[in-house]
Each structure stands twice: as C-alpha cells, then as structure tokens.
Amino acid sequence: MAQADHDTPEDEAAQRIVQSVRLARQPIVDADLNTVGYELLYRAADADQVARIGNSNQATASIVLNALSEIGLDHLVGGKLAFINVPGKLLHSDVLEGLVARSVVLEILETVDCDERTAEALRRLKKTGYRLALDDFPTVSIDKPCVAECHYVKFDVLAEGVEVVAAAVPAARRVGVKVIAEKVEEWDVYDRLRDAGVDYFQGHFVSRPEMVVRPTVRASKANLMGLLILLQDDEVALSEIIERINTDLALSYRLLRLVNSAAIGLRRKVDSVEEAVRLLGLKAVRSLVYLSALTGVDGKPPALIHNTMIRARFAELLAAQSRLANPPTAFLVGLFSNLDAFYNQPLAQLIEELPLTDDIARALLEGHGSLGELLEYVRFYEKGQWLEGDGETAVSSLNEVAPNCYLDAVRWDEALRQSLGGP
C-alpha cells in the first residue's frame, strides 16, 4: 500500500508547511585542479539538471537565503568561495549590502550593461566586502568601465571558442582581473587554456552540478509583506519589528541561522530574537525579509503553526507572571520546541546549527534548568494534565496564573491570525 494511505491529518498538515530548499553547486578549480570555490546554481525541483528560471531576482534571493540561512555556507563550500549570480535589479538596490559575506563572490549576469552606472554599483558592493565577477562576459568588452572594479571575469568557452578565450587572457591581465574559463567540457580544452594562462576552470570536465536539498518551513507571505511595509518606516520602533519576527517561525529560524553563519562573521550565542536583531542590525533584517518575500513562499500557516505560536506566547506569559525566566527567552524556547516536527530532522541536529545559549539548548534537549521546567509545564498543560504543587514550588506559582495566561495566548494567536488574513 502506498505510504500516503497511512498519512494522518498531522502528517498532511506538516507536508503543507514543510517545503524543500534546494540548489546545485559546481566546483571551480585552479590550474592545478585544486577546488577554490563553487558556483551555487538555482534549482526549482529536485530532478532539475539545469536551472528553470522564470524570475532572476527570485532565483538569486532563493540562493542567497538557502546558502546563508538555510543550508549554510559552511556546509556548502567550507572555507572556499561561493559564486552567486546577481541580476541588475538586485545589483542596483541596497538589499545585498545588508548581508555581506566575505566568502561570497557576486557574479554579475551578462544581461547587465557594463557601463559607468554598473561600475559605481560594483564599487559600492566591493567597499562593503564582497568579491565580484562578471559572468558570461564577452571577450571583446574587456576594456569597458565595470571590468576594472571586479576580481574575476568569466569567459564562456563554448560560446567564444578556445582560441578567442586564450587570446583574451593578456588583456584581462592588464586590467587586473583573474580569468575563469567556464563550460570547459573536455580535458584537452583545459590543457590548452591552462597553457594560455587561464587562472580558473569550471565545467563538466571536472564535475557536473551536484544537488543539495534540505527541508525548511514555509514563511507567512502576509507577515513578510507587513514587515516590508514596517521596515520602510525609519521611525518604526524596534520592538514592533521584533514582535513581527517572533510571530514567524521560519523568519526566526533564518535570523538565528544568519547570526551563526561563519560567512557573516558574528558567531555569537543569543537568547532571544531581540538580541539577534540587535546584533545583525535593521539593515540586515530588512535584507533578510526582502529576500524571503522574493522567494515567493506562501501558504497560510495551518494548525501546527498556530499551536506552536500559542505555546511560545504561553511560555512567555508564564515567565513574566512567575519570574522564572526572561520572557523573550521563554518565547524562543516555546517557539523552537517544535522545530523537529517542522524540519523532519532531529532536534539536537537543528539546535547545534543555531547560536543558542547553553541554557536554551539544554532546556530544549534535556529539559534542564528553569527554562526546561517551564517548557515541561507548558507541554503538560497543553495535554490537560494538571501538575500538583506543594505551595512552595515553581509549579504552584505557575498553577495560579496558567489558566489566564493560556487564554491570553489563545486570544493573541487569534488576533495575529486575523491581522495576517488567516482562517
């Protein structure tokens, strides 16, 4: 019998929430065939062998999000370079400036005019810390204004021909850029271009693109749109931004993954979304939200999302009333206590990828400390199991305030659902 015949309503709800993030990577090697980096390539489905791109901005947003905050550059490229295509719209905006990763090379697509306006945009991005490359660049345009602002130029061997690419190497040297020969399919082509002085090589002669897939949680499109509107207001209160992010599990997860990304360079332990926002800054948060919106994720959050939000809010209210823990930290513990259900991965593995403090990690994994006790109480309460206290324990103080706190958490979730247009 097919597996789908055994699916429970809970399984079906999880399947509506969980989607896969995917991309392909293809190595770029030096003249001695040592891998120096990978081009990260957009893939719409697991079976895709080539990119099916309907919207280049969406494709770039998807790759950046997946590389930095979902799969992680550490896993994708290790300490090597990550080459990511960038279309004109993103190049001439300030979105990418908020998520600068020094191991990322932005490949400017061949559809972008190599004029002075582009050169100015490249100077701005280079100043923030990015490395830059020109993708599928015509050899005859090597003297155009934007070339000198880049670190690499990529020549398409199949389109230009081996002899033309080889002849363009001295001109690239004079401008001060390294040459990457792409679409190198045969070993004899590699040999000829290496002898001509080409610096780096990419193509099937080394490796075809390799697919990388990871499960993730759908973000609320309505919430993303609301956040985008808020983030356009320079006078918006930071607390309002934090509250909106707290109500979206996917955004909260991406935010903490971003804090823990070696590419961003923070590597700090945090105990709340508020601290993560303060560490990254509103510019980075704005970029994260914008890219999340561009990926086109949608779907109204079903029951599993709402149950998790009620749990997080309930934990926060209990912490505030009982003073057992910091309320924002208690909210985060409640929010992330269901991560394994959303991602279909062991909770310990997911927690290891996040920059959580030891207190939070041990509360989630071992039920340790006051946060662990609070989470255990919340779980029992959700099941309708009343815990008895002796009048002096933490349980007794929680019992006094739990009914009202739980009702307030349910009302909060209902109001949130209505504000986001949900059922």
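Electrostatic bookkeeping for His368 treats Lys and Arg as +1 and Asp and Glu as -1; over the other residues with beta carbon under 15 Å from its beta carbon, the sum is -4. Amide H to amide H, with H built 1.01 Å from N, Leu81 comes under 5 Å of Gly37, Tyr38, counting only residues 5 or more places away or on other chains.
Output the peptides 204-211, 121-128, 146-153 sorted from most to least packed, where packing is the average of other Cβ atoms within 10 Å over each peptide's residues.
Working: 204-211: 14.6, 121-128: 16.8, 146-153: 21.1.
Result, highest mean first: 146-153, 121-128, 204-211.
Mind giving me the FRET efficiency for Ala171 and Thr128? R0 is 30 Å, r the Cβ-Cβ distance, nearest 0.05 is fine. Don't jump to the answer; show the numbers that get you there.
Numbers: r = 28 Å, r/R0 = 0.93.
Calculated value: 0.60.
Checking the a/c ratio against 1.5 first, then a/b against b/c, what shape does the Cα gyration tensor give for segment 68-171? Note, shape of segment 68-171 comes out oblate.
List the pairs from Lys178/Lys269; Lys80/Lys283; Lys127/Lys269 whose alpha-carbon separation is above 32 Å, in the order I gave them. Pairs exceeding the cut-off: Lys178/Lys269. Most tightly packed first, judged by the mean number of other beta-carbon atoms within 10 Å of their residues, the peptides 397-403, 357-363 read 357-363, 397-403. In this simple spin-label approximation, Asn307 and His151 carry label points 7 Å from Cα along the Cα→Cβ vector, and these lie 4.7 nm apart.
Assuming R0 = 25 Å, can you tell me the calculated FRET efficiency for the pair Ala415 and His368, based on Cβ-Cβ distance, to the nearest 0.05? Walk me through the numbers before you get to the answer.
Working: r = 33 Å, r/R0 = 1.33.
The value I calculate is 0.15.
How much FRET efficiency would the formula 1/(1 + (r/R0)^6) give for Asp188 and Leu407, where r is the Cβ-Cβ distance and R0 is 56 Å, rounded to 0.05? If you can, show how the numbers build up before the last one.
Values: r = 75 Å, r/R0 = 1.33.
Efficiency, rounded to the nearest 0.05: 0.15.
Rg over Rh for segment 136-208 works out to 0.95, both radii taken from alpha-carbon positions and Rh defined as the Kirkwood radius. Packing, as the average of other Cβ atoms within 10 Å across residues, places the peptides 136-143, 280-287, 102-109 in the order 102-109, 280-287, 136-143, highest first.
Since every read-out is calculated from the coordinates, none of them should be taken as a lab result. Worth saying up front: this structure is predicted, and the values here are computed from it rather than measured. Glycine also receives a Cβ, built like all others from the backbone with ideal geometry; neighbour counts cover every protein chain displayed.
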